[in-house]
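*Asks:* The structure follows.
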Amino acid sequence: MEANAPQSNTIEEATFGGGCFWCVETVFNQLKGVIDAESGYSNGQHPKPSYEDVCSGTTGHAEVVRVKFDPSQVSYHQLLEVFFTIHDPTTLNRQGNDEGTQYRSGIYTHNSEQAHQARALIEQLETSHAFGKPIVTEVRPLANYHPAEAYHQRYFEHNPHAGYCAFVVAPKVAKFQKTFADLLKKD
């Protein structure tokens, strides 16, 4: 168990798709109250998708991150706020140079309360014109989730100098750390 062990007996799960899961997983693993963030695939048709299958765009799966968290330390609403800060929810099936349905913006809910909170925040962001363009993030119940292959887990942590990590992931992580400094795990 990590030094950030849960303080309560309740552990909840949340699942987010915000483009490449390496970025999303890295950010959520740095939040206090997050027990684990796992890269995976969800909401597609293939019964056991591989990375190659998902990248082909034929399985219907999104690259996602399943977050296990202690709600006494970080709320679902705070996770949603982080999610909307670390990716562009206004681009359909695209994040930066990553293009395809597997990179869609999505909130894959584990219960009706999560769906309600996600839709309410999207409505608030739309009303305030926070992004200047319509939000295309889908909100759907989590379905057909599969963990990604082991080499994808904590990819940025193990490969910080790889091209994509250095030029795409690192700037997103730095922005997140500055914006949410008060929510970071203390080492």
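What follows is calculated from the coordinates using simple rules that are stated; it is not laboratory data. Keep in mind the model is a prediction, meaning the values are calculated, not measured. FYI the Cβ positions are ideal-geometry reconstructions off the backbone, even for glycines, and counts take in every protein chain you see.
*Asks:* Once phi is turned into θ = phi - 60°, what whole-Hz ³J(HN,Hα) does the Karplus curve with 6.51, -1.76 and 1.60 give for every residue of the range 153-164, x standing for Gly and Pro?
*Replies:* Taking θ as phi minus 60°, the curve returns 6, 6, 4, 4, 4, 8, 9, x, 9, 4, x, 4 Hz for the range 153-164.
*Asks:* Okay, next question. Gain in length, Lys32 to Ala181, computed as 0.36 nm per residue apart minus the alpha-carbon separation, to one decimal in nm?
*Replies:* Full extension from Lys32 to Ala181 adds 52.6 nm.
*Asks:* Which of the pairs Lys133/Lys186; Lys32/Lys175; Lys48/Lys186 have their Cα atoms more than 25 Å apart in this structure?
*Replies:* Lys133/Lys186; Lys48/Lys186
*Asks:* In whole angstrom, how long is each semi-axis of the equivalent ellipsoid of the range 69-187, when you take the square root of 5 times every eigenvalue of its Cα gyration tensor and sort them from largest down?
*Replies:* Gyration-tensor ellipsoid for the range 69-187: 23, 18, 17 Å.
*Asks:* Enumerate the calculated ³J(HN,Hα) couplings along the range 14-19 in order (Karplus 6.51 cos²θ - 1.76 cosθ + 1.60, θ = phi - 60°), each rounded to whole Hz, writing x wherever the residue is Gly or Pro.
*Replies:* Per-residue couplings from phi come out as 9, 9, 10, x, x, x Hz.
*Asks:* Given the rule -39500 (n - 2.57) for each run of at least 4 DSSP H residues, summed and divided by the residues of the chain, what is its mean residue ellipticity at 222 nm, to the nearest 500 deg cm²/dmol?
*Replies:* About -8500 deg cm²/dmol.
*Asks:* So if we plug the beta-carbon distance of Ser72 and Glu123 into 1/(1 + (r/R0)^6) with R0 = 30 Å, what FRET efficiency do we get, rounded to 0.05?
*Replies:* 0.65
*Asks:* Follow-up question, since we're still on this one. May I ask you to compute the full-extension gain from Phe167 to Asn97, defined as 0.36 nm times their residue separation minus their alpha-carbon distance, rounded to one decimal in nm?
*Replies:* Here the answer is 24.0 nm.
*Asks:* Between His46 and Val139, what length comes free when the chain is fully extended (0.36 nm per residue of separation minus the Cα-Cα distance, one decimal in nm)?
*Replies:* 31.5 nm
*Asks:* Tell me whether the range 65-121 comes out rounded, prolate or oblate; compute the Cα gyration tensor, take square roots of the eigenvalues as a ≥ b ≥ c, and use a/c under 1.5 as the rounded threshold.
*Replies:* Since a/c reaches 1.5 and a/b is larger than b/c, the shape of the range 65-121 is classed as prolate.
*Asks:* To make sure I understand the rule: partners must be aspartates and glutamates, Cα under 15 Å from the Cα of Lys178, and not fewer than 8 residues away in the same chain. Which ones qualify?
*Replies:* Excluding near neighbours in sequence, the set is Glu81.
*Asks:* I would also like to ask the following. Percent relative contact order of the range 107-187, based on C-alpha pairs within less than 8 angstrom and at least six residues apart?
*Replies:* Across the range 107-187, relative contact order equals 27 percent.
*Asks:* Pairs of Cα atoms under 8 Å, at least six residues apart: use those to get the relative contact order of the range 12-183, whole percent.
*Replies:* Dividing the mean separation by the residue count of the range 12-183 yields 31 percent.
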